[in-house]
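Please read the structure below before turning to the comments.
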Amino acid sequence: MSTTPQITDVHRALVKAIIRDLSIEDGAKLLAEHDARKSVQVSQDGASLIARERRRGVEVEGYTAAHDAEHRHGQLAAAAITYADVALVRITYLPEAQEREITEIMANRWPFEEEWFKPAVDPVDNLVKAGALIAAEIDRINHAKGAS
């Protein structure tokens with residue numbers, strides 16, 4: 001009996017990252033971050049994960065209310081739909097068809113520069129991103145209502 005290791009989505013993501021000139025150290029960090037996210041995700045409900053991602057976007061990425069206010073043509077909602085579609089592909093498509101489908105989704109719907117599109121291997125990660133973007137769009141709309 002052969003003991004061939006299973007190739008997982010994490011392995012595929014690491015191979016793609018390495019092909020894109022990611023150093024071994026950065027690849028190891030990527031894997032460690034993935035493992036850390038997995039342990040947190042298992043212990044937190046969806047709303048908590050989304051709230052944490054929204055906070056991270058504001059505090060780390062600088063996606064503040066002022067930044068979000070610049071996107072008043074539905075871009076945040078479109079980005080959320082894109083990540084939700086990626087999650088659906090990850091759940092329903094065979095691995096060999098996923099990248100083609102995700103590339104098509106990005107080309108047809110992603111409202112920002114391609115470099116900002118960072119689909120995850122895990123569908124939960126993509127749903128968390130989608131949820132945080134929906135929260136940002138709700139905040140933007142509510143803030144605009146209050147300002148008018």
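When the gyration tensor of the range 109-148 is built from Cα positions, what are the square roots of 5 times its three eigenvalues, in whole Å, from largest to smallest?
25, 13, 5
Fully extended, how many nm does the chain gain between Glu96 and Trp116 (0.36 nm per residue separation, minus their Cα-Cα distance)?
Values: separation 20, 0.36 × 20 = 7.20 nm, distance 2.35 nm.
Computed gain between Glu96 and Trp116 is 4.8 nm.
Can you list, largest first and rounded to whole Å, the semi-axes you get for the range 72-140 by taking the square root of 5 times each eigenvalue of its Cα gyration tensor?
Details: eigenvalues 86, 34, 14 Å².
Here the semi-axes work out to 21, 13, 8 Å.
Tally Lys/Arg at +1 and Asp/Glu at -1 over every other residue whose Cβ is under 13 Å from the Cβ of Arg109; what's the total? List each step's numbers first, then the result.
Numbers: positive: none; negative: Asp85, Glu101, Glu104, Glu114.
With Lys, Arg at +1 and Asp, Glu at -1, the net is -4.
Using the Cβ atoms and a cut-off under 12 Å, what net charge is assigned to the surroundings of Gln75, where Lys and Arg are +1 and Asp and Glu are -1? Mind showing how you got there, number by number?
Values: positive: Arg72, Arg109, Arg140; negative: Asp68, Glu70, Glu113, Glu137.
Net charge around Gln75: -1.
Every read-out reported here was derived from the displayed coordinates using simple, explicitly stated rules and does not represent laboratory data. Owing to the predicted nature of the structure, the values given are computational and were not obtained by experimental measurement. Glycine gets a Cβ as well: all are built from the backbone with ideal geometry, and neighbour counts include every protein chain shown.
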